[in-house]
Every structure is written in structure tokens, then in C-alpha cells.
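Trainee: Sending over a structure as C-alpha cells; questions will come in a sec.
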Amino acid sequence: MNYINITDEYAVCQANPTEWAKYHAIYRLSNLNELKSLTIKEDIQRYSNGDFCYWIVKGSKIVGGALIKPNLIKCAFMVPPFEAREDLARVIFEYSSSISDVSKEIIIPDAENDMERYWEGFGFRVDRKNKLMVGVTNKHQVIWNKKYKIAIPNEENAEEMAQLYYETYSKSPLKYISEQTLDFQIKSVDVFFNHIKDNDIPNYWSSLVYDSSENKLVGSCAVGLVNNLPFILDIVVHPDYQKNGLASNMVKRVSNLSYNNYPAVSLNVITGNDAELFYKKMGFVEFSETSHMMKTP
């Protein structure tokens, strides 16, 4: 291994992605109580083509790991019995700074809660907290008002989906959401369609809701597959059509379609957002929480 010395005690070195993924599956995901893939092999496949897996080394012993790219730190973990969290944060931060454009933000999208204060010591601040939530699949009765038409999304729907996302999210009380541009939403929808195409995910898991009288798209539920569970990537209802049961019906539809093959449906929410309460009422429970942190220039 080629070591890059960070301090007298610590170094970083690029890791073999296959070996790194085994450590990540055990020491990161289990510590967070996250849903893991059914086999470690699938976690290995996720990172097998990456060149950004790094070990944190003390002497000649691996004590931690992280994904490190310019201006991005992800999936940091410690390897027991090592417990020096501040040292781990320092080494990762110093190496990240050496390869990043420090005139731009450095992002940690998934900081563990017990690492927050150590990242804060190096100038990061919590932007928001994210929760993974999980709900058991079940059979639900779904009754749609006759004014609505339900359709399955295809790529020709991408433009109107992006427009719906833009019109809805621009009304969000959360600034980082309300400031998302139409171009951002277009790219987000493209990512969804690429995800289901690349992973052979049925598009009928997802749904579009139209106001039949105007043939206007007023609701969308985009569903992918993450850690071998159906994962609700986005659920959007136009502001003029909220509080009419559209979101709950779309969630129930996903549960119904998944019932025979999957034990649960999962999703991410922003802690404290209205969506968190909505999903709790739908029977979802919190599985893990991480912090989105950033260091500004």
C-alpha cells in the first residue's frame, strides 16, 4: 500500500474496493443500524469500480475508512478497538482538504451523529438531518376519486414530472429545496429513469396522478430499489391538490405492489419536515439518522 502521511502517527492510502466494502458493511452500516444488502457481495459490487475508497492507517494497522473525493467525504467509519473519533475526523479532513478546491464547499452528506462535534471542530456545520424510514408492506384498500387518472411514468413524461417537482418544491419552507432550479429537477428526473433502466426496476412501481378534467399532472411517486427494498425516491403532490389523500394512496399502491416479494418499503426524509409525520402516520418507523454537513470557504 502506498501511504500518504498526514501526521506523525496517521496516514491514508487507497483501498482495494472489494476489501473496503467488507469493512464498510460491518463497521459502518451495522453501527448506523442501517438496512444492509442481503449479502455482503452486493455491498462489494456497489463500490467495486470506485477509486475513492481509502483506509485510515495508524502505524501499519487499519483503524478506519472513508470515501473521499474532491470536496466530498462519505461513509466514514472506525475499525474496533480504535475509538479516537477526533483523530479520525482530523486525518480525513486534512487529506480531503489537500485534494479539494477549498474555495468551494466541502460536503459530508451522511455524518454519524456521534461524529458531529468532531467535524464541527474542523469548521463543518449541520445543514440538515436525514432519516431512513421503513414501513412493512401490506395489502391496502386504495380508492381514487373519479376526477383523478392514474398512469405509469415513462421517459416521455420526464418534462412534465420535472415541471411538477419545480412548482411544488419551490413552495417548500426549506430554503435548500425551494431554491432548486427547473434544470436541477430535470436532472433529478433523468437520474430516476436511468436508475430504473440500469437496474431493471419495473416502472409500474411508480405512479403519476392526473386531474382528468384538465389532463394536468398533479402527483408523482418515483420508486427505485435500494438495499434490495423498494425505495420511494420522490413523492410529490402539487400544492393545489394536497390534503386530498393523493400521497397516501400512492404510498399504499407501492406497498400493495411490493407485498408478495418484499417485506418492507424504505425512504429518506428530512428530520422535522412535515413528511416525517406523514410517513409515521402511514406506519413507517425511523431506522437511522445522519447529518448533512458542510464546510463553507
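Trainee: Which of the residues belonging to region 153-162 are open to solvent by 70 Å² or more (accessible area, probe 1.4 Å) and in contact with a helix residue (DSSP H, G or I) (Cβ under 8 Å, 6 or more places away or on another chain)? So that I can check it myself, show each step before the final result.
Mentor: Taking region 153-162 first, the residues open to solvent by 70 Å² or more (accessible area, probe 1.4 Å) are 155-156, 159.
Those that are open to solvent by 70 Å² or more (accessible area, probe 1.4 Å) and in contact with a helix residue (DSSP H, G or I) (Cβ under 8 Å, 6 or more places away or on another chain): Glu155, Glu159.
Trainee: Further question on the same structure: Among Val236, Val191, which is surrounded by fewer than 14 Cβ atoms within 10 Å (Cβ to Cβ) and within 18 Å of the chain's Cα centre (by Cα)?
Mentor: Working: Val236 fails: surrounded by fewer than 14 Cβ atoms within 10 Å (Cβ to Cβ).
Criteria check complete, one pass: Val191.
Trainee: Within region 108-126, restricting attention to residues that are part of a strand (DSSP E or B) and either without any contact (Cβ under 8 Å) to a residue 24 or more places away in the chain or buried (at least 19 other Cβ atoms within 10 Å of the Cβ) (or both), which residue is nearest to the chain's Cα centre (by Cα)? Explain how you work it out, then say what you get.
Mentor: Residues of region 108-126 that are part of a strand (DSSP E or B), as a first pass: 108-112, 125-126.
From the residues that got through so far, the ones that are either without any contact (Cβ under 8 Å) to a residue 24 or more places away in the chain or buried (at least 19 other Cβ atoms within 10 Å of the Cβ) (or both) too are 108, 110-112.
Details: Ile108: 12, Asp110: 9, Ala111: 12, Glu112: 14 Å.
Applying the filter and picking the extreme gives Asp110.
Trainee: Within region 171-182, is even one residue in contact (Cβ under 8 Å) with a residue 60 or more places away in the chain and buried (at least 16 other Cβ atoms within 10 Å of the Cβ)? If you could, list the steps in order and put the result at the bottom.
Mentor: Of region 171-182, the ones in contact (Cβ under 8 Å) with a residue 60 or more places away in the chain are 171, 174.
Add one more test, that the residue is buried (at least 16 other Cβ atoms within 10 Å of the Cβ), and what stays is none.
Checking region 171-182: not a single residue is in contact (Cβ under 8 Å) with a residue 60 or more places away in the chain and buried (at least 16 other Cβ atoms within 10 Å of the Cβ).
Trainee: Let me ask something else about it. Could you check region 84-102 and list, in sequence order, the residues that are modelled with pLDDT of 95 or more and assigned to a loop (DSSP other than H, G, I, E, B)? If you could, list the steps in order and put the result at the bottom.
Mentor: Our first condition is that a residue be modelled with pLDDT of 95 or more; within region 84-102, this holds for 84-101.
Those that are modelled with pLDDT of 95 or more and assigned to a loop (DSSP other than H, G, I, E, B): Ala84, Ser100, Asp101.
Results for (1) within 27 Å of Pro109 (Cβ to Cβ); (2) out of contact with any strand residue (DSSP E or B) (no Cβ under 9 Å at 6 or more places or on another chain), shown as yes or no for each residue.
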site: Ile201; (1), (2): yes, no
site: Val226; (1), (2): yes, no
site: Arg253; (1), (2): no, no
site: Asn260; (1), (2): no, yes
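Trainee: Also: What number goes with the only condition from (1) open to solvent by 20 Å² or more (accessible area, probe 1.4 Å); (2) of a type in the set (A, V, I, L, M, F, W, C); (3) touching a Phe, Trp or Tyr at 6+ places or on another chain (Cβ under 9 Å) that Ala275 does not pass?
Mentor: Unmet condition: (3).
Trainee: Identify the residue in region 163-220 that is more than 16 Å from Trp144 (Cβ to Cβ) and among the basic types (Lys, Arg) and, among all such residues, is modelled with the lowest pLDDT.
Mentor: Lys175
Trainee: Can I ask one more? Test of understanding: among Lys146, Lys139, which residue is farther than 15 Å from Tyr210 by Cα and surrounded by fewer than 13 Cβ atoms within 10 Å (Cβ to Cβ)?
Mentor: On the way: Lys146 fails: farther than 15 Å from Tyr210 by Cα.
It is Lys139.
Trainee: So for region 24-40 (the condition being out of contact with any strand residue (DSSP E or B) (no Cβ under 8 Å at 6 or more places or on another chain), modelled with pLDDT of 95 or more and open to solvent by 60 Å² or more (accessible area, probe 1.4 Å)), does at least one residue qualify? Explain how you work it out, then say what you get.
Mentor: Here is the first cut: in region 24-40, the residues out of contact with any strand residue (DSSP E or B) (no Cβ under 8 Å at 6 or more places or on another chain) are 25-26, 29-30, 36-40.
Narrowing the set further to residues that are modelled with pLDDT of 95 or more leaves none.
So far as region 24-40 goes, no, none of its residues is out of contact with any strand residue (DSSP E or B) (no Cβ under 8 Å at 6 or more places or on another chain), modelled with pLDDT of 95 or more and open to solvent by 60 Å² or more (accessible area, probe 1.4 Å).
Trainee: List pairs: first in region 224-239 and in contact (Cβ under 8 Å) with a residue 40 or more places away in the chain and over 16 Å from Asn130 (Cβ atoms), second part of a strand (DSSP E or B) and open to solvent by 20 Å² or more (accessible area, probe 1.4 Å), Cβ under 9 Å, 6+ apart or cross-chain?
Mentor: Short answer, once both residue conditions are applied: His238/Lys216.
Trainee: Also, I was wondering about something else. Residues that are small (Gly, Ala, Ser) and farther than 29 Å from Phe124 by Cα, at least 3 per element: which strands (runs of 3 or more DSSP E) completely within region 206-297 meet that?
Mentor: Working: elements: 207-211, 216-226, 229-237, 264-270, 285-295.
Ranges flagged: 216-226.
The values are calculated or read from the model by the stated rules, or taken from the named source; none is laboratory data. These numbers come from a predicted model, not from an experiment. Cβ coordinates were reconstructed from backbone atoms using ideal geometry, including for glycine residues, and neighbour counts include every protein chain displayed. Note: areas computed on protein heavy atoms with side chains; ligands, DNA, RNA excluded. Shrake-Rupley method; radii C 1.70, N 1.55, O 1.52, S 1.80 Å.
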